[in-house]
Amino acid sequence: MANLEKGPEDLRPPRPEVLREKVRFLAADSANVTITCHAEERMVQRDITSTMMFKVLRSGMLSGEVQNGKRVGDWVVKVTGSVPGKRDVGVVTAVLARDRLVIITVQWEDMR
């Protein structure tokens, strides 16, 4: 019988570069991305378009610590990047073990 218990090595986050590449890969197809109501509200409030958000997801860098998601194997990261003619954008994203992204919120990084 297989051991289904998770060991400590299963609870450690992947290396940031691995998560960054997973975010970029998943964001390449918008069907893999779910935007929460909260994120949609913040996009309107902060004048951040979905085009800007996807540009950051597809080419940005991870910023800050990788945090645990709601389920084992899920991780929360912030992806940041520059938008031409605009300011730097941060996209807080849950990277789900089942190969989906959930956008939690979006924000301007320079807090004007």
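If you scan the range 63-85, which residues turn out to be assigned to a loop (DSSP other than H, G, I, E, B) and more than 12 Å from the chain's Cα centre (by Cα)? Show your work before the answer.
Initial filter on the range 63-85 (assigned to a loop (DSSP other than H, G, I, E, B)): 69-74, 83-85.
The answer is 70, 71, 72, 73, 83, 84, 85.
Residues in the range 9-35 that are touching a residue at least 24 places away in the same chain (Cβ under 8 Å), in a loop (DSSP other than H, G, I, E, B) and either exposed (fewer than 14 other Cβ atoms within 10 Å of the Cβ) or in contact with a Lys or Arg (Cβ under 9 Å, 6 or more places away or on another chain) (or both): 14, 28.
State whether the residues of the range 63-86 include one that is surrounded by fewer than 16 Cβ atoms within 10 Å (Cβ to Cβ), at pLDDT 95 or above and at negative phi. No: the range 63-86 contains no residue that is surrounded by fewer than 16 Cβ atoms within 10 Å (Cβ to Cβ), at pLDDT 95 or above and at negative phi.
Condition first: closer than 10 Å to residue 89 by Cα, β-branched (Val, Ile, Thr) and assigned to a helix (DSSP H, G or I). Now tell me which residues in the range 36-61 satisfy that. Selection gives 56 alone.
The values are calculated or read from the model by the stated rules, or taken from the named source; none is laboratory data. Owing to the predicted nature of the structure, the values given are computational and were not obtained by experimental measurement. All Cβ positions, even for glycine, are placed from backbone atoms using ideal geometry, and neighbour counts span all protein chains on display.
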